[in-house]
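Single-structure report; data block below.
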Amino acid sequence: MVYKTLLLIEEGKETLLTEEQAWVEAARRGDAGAWEQIVQAYQQPIFRLAYLLLGDADDAEDVAQETFLRAYHALERFDAARPLRPWLMRITTNLCHNWRRSVGRYLAVLQNVLRSEPPDRPASQQAEENLESEMLWKAVRRLKLEDQQIIYLRYFLDCSEMEITDILGVAQGTVKSRQHRALARLRLVLKTEYPQMGQEGRDVL
């Protein structure tokens, strides 16, 4: 079934919904096909975000599945006037934060980072240009989780500042300042721990 638009008629009022809003409305009414459309549309960015934050493909897959499970059960409370992607990514970010609270999982993530690379290189052109080297990726992993989140969302997943405000639940000005601080700390890590990259490599930031 194709959900290009949906004319919703409630209490004598007609509302023309976007394709995404039509998916949500149909899924709320029990249409499994509409929910499958939502999952297919966002499963890759959700998995990528989870992998970037956790560093383990199996854990990322578990978190991605849990994200969609929680989203499905919370669909009735979702404000369909807002975009889906930031809402789903916020759920993912919160789940990853809780996941990393476990000391055992946290240590496993650190070990995996040292011997693995991302299974699926981000498709964003900006990410390919700015963060394509393995050395740079490892440098990002040296930052605090708060700094990693900003860099991953902005440069790996190409989220806008407005989307990031929704995902992290902070003001747009806070996003700007956190992004500035995260990049400054990343430059410092590159300068002190990866000097072999040279000035040219640091200039991409």
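On the basis of being of a type in the set (Val, Ile, Thr) and either closer than 26 Å to Lys138 by Cα or at pLDDT 95 or above (or both), does Val109 make the cut? Working first, answer last.
Numbers: of a type in the set (Val, Ile, Thr): yes; either closer than 26 Å to Lys138 by Cα or at pLDDT 95 or above (or both): yes.
Criteria met by Val109.
Sort through Ile46, Ile38 and tell me the only one that's within 26 Å of Lys138 (Cβ to Cβ) and either surrounded by 18 or more Cβ atoms within 10 Å (Cβ to Cβ) or at pLDDT 90 or above (or both). It would help to see each step written out before you state the result.
Details: Ile38 fails: within 26 Å of Lys138 (Cβ to Cβ).
Ile46 is the lone residue from the list that is within 26 Å of Lys138 (Cβ to Cβ) and either surrounded by 18 or more Cβ atoms within 10 Å (Cβ to Cβ) or at pLDDT 90 or above (or both).
Being free of Cβ contacts under 8 Å to residues at least 12 places away in the same chain and aliphatic (A, V, I, L, M) is true for just one of Leu168, Leu153, Leu188, Leu145. Which residue is that? Spell out how you get there, then give the answer.
Details: Leu168 fails: free of Cβ contacts under 8 Å to residues at least 12 places away in the same chain; Leu153 fails: free of Cβ contacts under 8 Å to residues at least 12 places away in the same chain; Leu145 fails: free of Cβ contacts under 8 Å to residues at least 12 places away in the same chain.
Exactly one of Leu168, Leu153, Leu188, Leu145 is free of Cβ contacts under 8 Å to residues at least 12 places away in the same chain and aliphatic (A, V, I, L, M), namely Leu188.
Would you check which residues across segment 50-67 are surrounded by fewer than 18 Cβ atoms within 10 Å (Cβ to Cβ) and within 14 Å of Trp35 (Cα to Cα) and list them?
So the first thing to find is which residues in segment 50-67 are surrounded by fewer than 18 Cβ atoms within 10 Å (Cβ to Cβ), and the list is 57-58, 61-62, 65-66.
Selection gives Gln65 alone.
When every residue of segment 51-65 is checked against the conditions, none turns out to be under 27 Å from Lys138 (Cβ atoms) and of a type in the set (S, T, N, Q).
Each residue in segment 157-171 was checked for being within 11 Å of the chain's Cα centre (by Cα) and under 13 Å from Thr93 (Cβ atoms), and 6 of them qualify.
Candidates in segment 77-104 are the residues that are in a helix (DSSP H, G or I) and exposed (fewer than 15 other Cβ atoms within 10 Å of the Cβ); of these, the one that is modelled with the lowest pLDDT is Val103.
Within segment 45-76, if we keep just the residues that are among the small types (Gly, Ala, Ser) and assigned to a helix (DSSP H, G or I), the residue that is nearest to Leu145 (Cα to Cα) turns out to be Ala50. Residue pairs whose Cβ atoms lie under 9 Å apart, sitting 6 or more positions apart in sequence or on different chains, and linking a residue in segment 72-91 that is closer than 25 Å to Leu53 by Cα to a partner that is of a type in the set (Ser, Thr, Tyr) and assigned to a helix (DSSP H, G or I), are Leu84/Tyr42; Arg85/Tyr42; Pro86/Thr165; Leu88/Tyr42; Leu88/Thr67; Met89/Tyr42; Met89/Thr67; Ile91/Thr67. Every condition in (1) modelled with pLDDT of 90 or more; (2) exposed (fewer than 13 other Cβ atoms within 10 Å of the Cβ) holds for Leu143 except the one numbered (2).
The values are calculated or read from the model by the stated rules, or taken from the named source; none is laboratory data. All values derive from a computational prediction rather than experimental measurement. Using ideal geometry, Cβ is built from the backbone for each residue, glycine included, and neighbour counts are taken over all protein chains shown.
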